[in-house]
Amino acid sequence: MNEKAFLEKYLWPSGDKLDRSFTHPLPKIPGLKKAGDFIVQCEHEDTFSTNIMTKYESASTGVIFKEVYKNTQNKVTGTFVRLVGTMSLVKNEYPRLSLDAAVANVNLFTGEREDLKTTVAIHLPEVDSAQRKKLFQEFSAQAKADGVSYQEKEVEYASGTKGSIWVGESKGINLGMIHNLRQRAWTVYKSFMEETKAKIPFDYRPAQENTVFGSSQREHLSFKRMGLSVPVESQAAFFSVLVTGI
Amino acid sequence: MNEKDFLEKYLWPSGDRLDRAFTLRLPDIKGLKNCGDFIVQCEHEDTFSTNILTKYESETLGIRLIELYKNTQNKVSGLFVRLVGTMNIVKIGYPRVSLDAPVSNVNLFTQQRSDITTRTFVSLPQATPEQSRIFFEQLTKDARAAGISFQERHLDFLPAFWGSTFQAESDGANLDMIHKLRDGAWNAYNLVLDRTKGKANFDYRPIQENIIFASSGREHLMFQKMGLSVPVEAQAAFFSVMVAGL
């Protein structure tokens, strides 16, 4: 073995192939600084799933902000689910807010092919239901202003408990809707932090485990129904970047 | 926003930059088929950490093998820890073999810069005493026959169910040693499969949790002491690919 060649050529970083003309400005969180660029990718059968993620931290507010640009696509059928600016906000000792922003040509629930649709879902599973309802009203106000339809849905969380998520929907590719809801997510979270006491210590572990193990398995099966072959490992890796590190 | 551009240009898969001249042939396991190619990568400060992983399954033997080629390197100081053919093998119902194969110019225990050294660690966490005995007897026998010097250790930072760890060390970049120990690990595991019974509903969750949550935190700190900046999220994501699909 040529040691010089090993030292110089073994393995170098991959470049990402994300077209930045489709990315959003960051929410206006003071003092955000980049704390890591990530690629999580899998290719299996005819499907690729590429996740481009960035982590930011704000020393002044204590907030960790992560965002995702993702494409899961069947190269043969053209079926895709794209995340365009999915984000997570968390301050240590406070619950996490997740905003899931999907543009897809397949129904996320039935797995049937359909016209392009943009769906934004807001998750606050660690917030009590009364407070969650109040926070969701802020997103409903934004949706009304943007003229997009919305609802609160009762779902089963990864933990097996039931609760609500907020869902906004729009026909076609509506990146404007995602942009406005991302900005609103920060103002909602900011007032939540100001009005709520920190819970010390806050145990993030149950939600982390539910997401890495439970959600990965569920989404692996959900992708399968859509004709997308995404191994559990790929979703678990993507979720690990989103939820660990706190 | 141009819908046609979004459909055609949004995000495509990254290519990997692994020089296949440094990859090892797979252990001789019948019927192995590629079941997923993965890239997990992070760049932070002056450090990149790129993981190229492949998952294989043998339907005939019920075996899953995941192997990893990884480079964690500080682009300025030149410090690196490279994994060359790290792998794990598991048949559901049996404990999972873990073989870790670092080539580094930094001492993994003292975190000081050192000459290039190749190490290989092999363990069989969650094994019964009988499985452990069969496995390590065969592995050490093969290692002796190949002229590889080794020791068996109990590493304090690992949980009790981890059991002992086989550790071999060689000066320079000794990919041949890794190659031989990969074959040796498979031979020893095959013997465990032949001579012991599998367990229905084998619970892999303790090791999954330990690796994804505890090991990623520990290794993040270890890298930090070496002058390598690898966020917890990057390690958690790579470990998720290794163990989430059990």
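The values are calculated or read from the model by the stated rules, or taken from the named source; none is laboratory data. Note that this is a predicted model, so its numbers are computed, not measured. Glycine also receives a Cβ, built like all others from the backbone with ideal geometry; neighbour counts cover every protein chain displayed.
How many residues does the stretch A:200-223 contain that are over 19 Å from the mean Cα position of the chain (by Cα) and either under 26 Å from A:K28 (Cβ atoms) or without any contact (Cβ under 8 Å) to a residue 24 or more places away in the chain (or both)?
Number of matching residues: 2.
Give just the number: which of (1) surrounded by fewer than 21 Cβ atoms within 10 Å (Cβ to Cβ); (2) more than 11 Å from chain A (Cβ to nearest Cβ); (3) on the phi > 0 side of the Ramachandran plot does B:G172 not satisfy?
(2)
Anything in the stretch A:28-51 that is of a type in the set (A, V, I, L, M) and away from every other protein chain (no Cβ under 11 Å)? List them, or say none.
A:I29, A:L32
Do you know which residues across the stretch B:188-219 are surrounded by 20 or more Cβ atoms within 10 Å (Cβ to Cβ), among the aliphatic types (A, V, I, L, M) and more than 12 Å from every other protein chain (Cβ to nearest Cβ)?
B:A188, B:V192, B:I207
Filter the stretch B:220-246 down to residues that are surrounded by 22 or more Cβ atoms within 10 Å (Cβ to Cβ), more than 7 Å from chain A (Cβ to nearest Cβ), of a type outside the set (F, W, Y) and under 18 Å from the mean Cα position of the chain (by Cα), then give me how many there are.
Of the residues in that region, 4 qualify.
Taking interchain pairs and intrachain pairs at least six residues apart, which have beta carbon atoms under 8 angstrom, with the first residue in the stretch B:175-189 and touching a residue at least 60 places away in the same chain (Cβ under 8 Å) and over 15 Å from B:E137 (Cβ atoms) and the second among the basic types (K, R) and surrounded by fewer than 21 Cβ atoms within 10 Å (Cβ to Cβ)?
These pairs meet every condition: B:H179/B:R25.
So which of A:G176, A:G227, A:G245 ends up being among the small types (G, A, S), within 14 Å of chain B (Cβ to nearest Cβ) and surrounded by fewer than 19 Cβ atoms within 10 Å (Cβ to Cβ)?
Just a single option satisfies the conditions, and that option is A:G176.
Take the residues in the stretch B:83-112 that are hydroxyl-bearing (S, T, Y) and more than 10 Å from the chain's Cα centre (by Cα), then tell me which one is nearest to B:R25 (Cα to Cα).
Result: B:S104.
Would you check if there is a residue in the stretch A:136-159 being under 19 Å from A:T86 (Cα atoms), crowded, with 19+ Cβ neighbours inside 10 Å, β-branched (V, I, T) and touching a residue at least 40 places away in the same chain (Cβ under 8 Å)?
No; the residues of the stretch A:136-159 include none that is under 19 Å from A:T86 (Cα atoms), crowded, with 19+ Cβ neighbours inside 10 Å, β-branched (V, I, T) and touching a residue at least 40 places away in the same chain (Cβ under 8 Å).
Looking at A:S234, A:S222, which is the one that is of a type in the set (S, T, N, Q) and more than 14 Å from chain B (Cβ to nearest Cβ)?
After applying the criteria, what remains is A:S222.
Report every pair of residues separated by at least 6 positions or lying on different chains whose Cβ atoms are under 9 Å apart, first residue within the stretch B:25-38 and within 14 Å of chain A (Cβ to nearest Cβ), second loosely packed, with under 12 Cβ neighbours inside 10 Å and outside any strand (DSSP E or B).
Every condition considered, the pairs that remain are B:K33/B:E59.
Within the stretch A:181-204, is even one residue within 14 Å of chain B (Cβ to nearest Cβ) and part of a helix (DSSP H, G or I)?
Within the stretch A:181-204, none of the residues are within 14 Å of chain B (Cβ to nearest Cβ) and part of a helix (DSSP H, G or I).
Condition check ((1) of a type in the set (S, T, Y); (2) under 26 Å from A:T61 (Cβ atoms); (3) touching an Asp or Glu at 6+ places or on another chain (Cβ under 7 Å); (4) modelled with pLDDT of 95 or more) across all residues:
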| residue | (1), (2), (3), (4) |
| --- | --- |
| A:I122 | no, yes, no, yes |
| A:Q142 | no, yes, no, no |
| A:S170 | yes, no, no, yes |
| A:H179 | no, yes, no, yes |
| A:S216 | yes, no, no, yes |
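Just give me the residues in the stretch B:34-86 being among the polar types (S, T, N, Q) and within 25 Å of B:S114 (Cβ to Cβ), in sequence order.
Within the stretch B:34-86, B:T47, B:S49, B:T50, B:N51, B:N71, B:T72, B:Q73, B:N74, B:S77, B:T86 qualify.
Before we move on, is B:D115 surrounded by 14 or more Cβ atoms within 10 Å (Cβ to Cβ), touching a residue at least 12 places away in the same chain (Cβ under 8 Å) and over 17 Å from the mean Cα position of the chain (by Cα)?
Here the answer is no, as B:D115 does not meet what is asked.
Against the condition at pLDDT 95 or above, within 9 Å of chain A (Cβ to nearest Cβ), over 23 Å from A:V241 (Cα atoms) and crowded, with 23+ Cβ neighbours inside 10 Å, how does B:V84 come out, does it pass?
yes
If the requirement is being over 25 Å from B:T50 (Cβ atoms), surrounded by 23 or more Cβ atoms within 10 Å (Cβ to Cβ) and in contact (Cβ under 8 Å) with a residue 24 or more places away in the chain, which of these qualifies: A:A236, A:A185?
Answer to the selection: A:A185.
Can you tell me which condition A:T86 does not meet? The list is (1) at positive phi; (2) of a type outside the set (D, E, K, R); (3) within 14 Å of the chain's Cα centre (by Cα), and all the others hold.
A:T86 satisfies all of (1) at positive phi; (2) of a type outside the set (D, E, K, R); (3) within 14 Å of the chain's Cα centre (by Cα) except (1).
Does at least one position in the stretch B:54-67 carry a residue that is closer than 14 Å to A:I39 by Cα and at the interface with chain A (Cβ under 8 Å from one of its Cβ atoms)?
Scanning the stretch B:54-67 turns up no residue that is closer than 14 Å to A:I39 by Cα and at the interface with chain A (Cβ under 8 Å from one of its Cβ atoms).
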